[in-house]
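Visitor: This is the structure, below, for whatever I ask next.
Values in this text are rule-based calculations from the coordinates and carry no lab data. Keep in mind it's a predicted model, so treat the numbers as computed, not measured. Neighbour counts run over all protein chains shown; Cβ positions are idealised from the backbone, glycine included.
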Ligand SMILES: [Zn+2]
């Protein structure tokens with residue numbers, strides 16, 4: 001059994017990965033790793049260049065007899081997510097990542113490993129260096145800052161790439177081809193507020209909490225509760241049974257997370273407290289039954305709090321609650337052909353109450369541009385009805401799955417030929433660099449695959465060594481097969 005990375009196969013790939021571990025490359029600090037890629041290219045006599053944002057491109061000519069083949073691009077991202085355990089002493093700006101082999105897997109000691117996307121880069125570097133491979137004209141594209149904003153892909157200039165097929169090496173399940181992703185766009189909605197002095201000095205905090213949350217793209221099809229929506233339902237139902245006044249509603253923390261908790265601050269005269277308490281309980285009990293399977297931990301609390309304030313006027317309170325109840329959240333459509341794939345969804349992500357305005361952030365995703373637009377249209381219409389002002393932020397494009405792609409067809413055949421079984425074909429309901437690259441280079445045929453890794457972006461990240469070997473076998477078969 002191997003005890004160091006350099007004893008693992010394929011040797012050339014692991015040699016480069018071991019080197020990558022010694023070069024700091026957190027998002028935003030990709031220059032040293034870009035320098036390494038360019039130095040490897042220079043040592044092999046291959047032309048390399050770097051654009052203004054730091055994306056690096058290296059070209060390798062076709063091997064004899066394959067000069068006329070369509071050019072292929074191998075692509076990965078230079079940056080890694082830098083996370084460590086709280087008890088781990090590690091400076092990501094200078095300390096090397098310490099890898100260790102545990103059985104069939106490679107881990108880091110207390111930090112992220114950066115197998116995402118270090119293994120993809122190492123494979124590309126190994127293809128550059130390996131003189132025994134057969135292939136058409138190749139380009140190697142290494143982008144910056146994928147993890148925090150897809151910045152590198154966003155800033156690629158037209159004409160930077162010549163190839164017409166792109167193999168993205170940033171996937172996490174060996175044997176799976178990714179052929180599509182969602183585009184996304186955020187909208188900020190502002191609802192003006194009218195206030196009056198509270199009728200009562202008795203204030204209460206209604207807190208909906210302990211929901212599961214999760215990623216607003218990948219987990220949106222799980223049917224989990226959105227704390228803001230549940231809180232709005234409770235308030236909406238209870239306001240007909242008890243006379244309380246809403247002072248504020250707050251909830252959610254990130255545009256890409258399903259809100260796990262939300263809080264309303266209320267004023268309620270003593271004679272109404274019992275009715276209000278009962279009404280909230282009744283509303284929550286119904287919700288609880290509805291969410292028995294997916295949100296077993298969901299809970300709420302109602303506590304008296306100190307202070308006095310200005311509450312919303314009666315009309316404004318109704319409008320605000322109607323607004324929250326009407327705003328869409330969750331899956332809008334599933335993909336008609338790819339089982340289990342969310343095509344369009346929207347996340348009612350964050351709400352904040354100011355003195356004179358209420359602000360809502362909605363984050364919408366779809367692999368179909370017109371469906372994204374239509375869903376934002378629903379949000380705009382709800383705003384129009386409520387008297388709120390929508391501010392539509394620019395989004396990033398999706399990558400619409402093309403089940404008739406010639407590249408997909410060829411790679412499926414090659415996978416069966418190489419391993420004697422079919423690869424799975426999937427798409428993801430989240431943003432990928434291919435979405436952006438595909439929009440900039442129309443007609444680019446793209447696919448994403450990689451070795452098996454678990455828990456990327458966390459100190460538990462680990463990569464399966466045997467799957468790295470299979471990934472390499474397939475990658476080298478692909479560049480040969482695609483050029484023959
Ligand atoms: Zn990645």
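Visitor: Note the direction-averaged projected area, equal to a quarter of the hull surface, for the Cα convex hull of the stretch 220-355, in nm².
Guide: 9.2 nm²
Visitor: Which three semi-axes in whole Å describe the equivalent ellipsoid of the stretch 4-145, each the square root of 5 times a Cα gyration tensor eigenvalue, listed largest first?
Guide: Semi-axes, largest first: 29, 18, 11 Å.
Visitor: Tell me, what is the percent relative contact order of the chain, built from C-alpha pairs under 8 Å that lie six or more residues apart?
Guide: 23 percent
Visitor: Let me ask you something else. Relative to the longest principal axis of the C-alpha atoms of the chain, give the angle of the C-alpha long axis of helix 11-21, reported between 0 and 90° and rounded to the nearest 10°.
Guide: Taking the Cα atoms of the chain, the angle to 11-21 is about 40 degrees.
Visitor: How much mean residue ellipticity at 222 nm does the chain get from its helices, if each DSSP H run of length 4 or more adds -39500 (n - 2.57) and you divide by all residues, to the nearest 500 deg cm²/dmol?
Guide: -10000 deg cm²/dmol
Visitor: In nm, to one decimal, how far is the residue 369 label point from the residue 470 one, both placed 7 Å along Cα→Cβ?
Guide: 3.7 nm
Visitor: Here is a further query. Sticking with the crude label model, points 7 Å out along Cα→Cβ, report the distance from residue 64 to residue 419 in nm, one decimal please.
Guide: Each label point is offset 7 Å from its Cα along the Cβ direction, giving 3.3 nm.
Visitor: While we're here: Roughly speaking, what is the centre-to-centre gap between the stretch 426-444 and the stretch 9-63 when only Cα atoms are used, to the nearest Å?
Guide: Here the two parts' Cα centres lie 23 Å apart.
Visitor: Here's a follow-up. Largest first and in whole Å, what are the equivalent-ellipsoid semi-axes of the stretch 334-416 based on the Cα gyration tensor, each being the root of 5 times an eigenvalue?
Guide: Details: eigenvalues 279, 28, 22 Å².
Semi-axes (√(5λ), whole Å): 37, 12, 11.
Visitor: Right, another one. Using every Cα-Cα pair within the stretch 249-292, state what percent have a distance larger than 14 Å.
Guide: Details: 632 of 946 pairs.
Tail of the P(r) past 14 Å holds 67 percent of the pairs.
Visitor: While we're on this one: So if I take the centroid of the Cα atoms in the stretch 142-164 and the same for the stretch 85-115, what is the distance between those two points in Å?
Guide: Cα centroid to Cα centroid, the span is 27 Å.
Visitor: Related question: Rounded to the nearest Å, what's the spacing between the alpha carbon centres of the stretch 277-333 and the stretch 388-403? Just the number, please.
Guide: Cα centroid of the stretch 277-333 versus Cα centroid of the stretch 388-403: 29 Å apart.
Visitor: Separate question: Based only on Cα atoms, what mean projected area does the convex hull of the chain have, in nm²?
Guide: 25.3 nm²
Visitor: So between residue 271 and residue 7, what do we pick up on full extension, going 0.36 nm a residue minus the alpha carbon distance?
Guide: That works out to 87.4 nm of additional length.
Visitor: Helix 465-481 versus the longest principal axis of the chain: what angle, 0 to 90°, nearest 10, using Cα atoms?
Guide: 60 degrees
Visitor: Oh, and also: For the stretch 370-484, what is the convex hull volume of the alpha-carbon atoms per residue, in Å³?
Guide: Per-residue hull volume (Cα only) is 157 Å³.
Visitor: Still on this structure, I have one more. Taking the chain as the reference, fit the longest principal axis to its C-alpha atoms, fit the long axis of helix 406-419 to the helix C-alpha atoms, and give the angle between the two in degrees, 0 to 90, nearest 10.
Guide: 70 degrees
Visitor: Given the peptides 42-52, 347-357, arrange them by the average over their residues of other C-beta atoms within 10 Å, most packed first.
Guide: Result, highest mean Cβ count within 10 Å first: 347-357, 42-52.
Visitor: Which whole-number percent is the relative contact order of the stretch 316-434 (Cα, under 8 Å, 6+ apart)?
Guide: 22 percent
Visitor: While we're on this one: Using only the C-alpha atoms of the stretch 103-221, find the volume of their convex hull and express it per residue in Å³. If you can, show how the numbers build up before the last one.
Guide: Details: hull volume 31.7 nm³, N = 119.
It comes to 266 Å³ per residue, whole-number rounded.
Visitor: Another question, if that's okay. No solvent, one uniform scatterer per C-alpha: report log10 I(q)/I(0) for the stretch 7-64 via the Debye equation at q = 0.13, 0.16, 0.18 1/Å, two decimals.
Guide: Listed by q, the Debye log ratios stand at -0.40, -0.60, -0.73.
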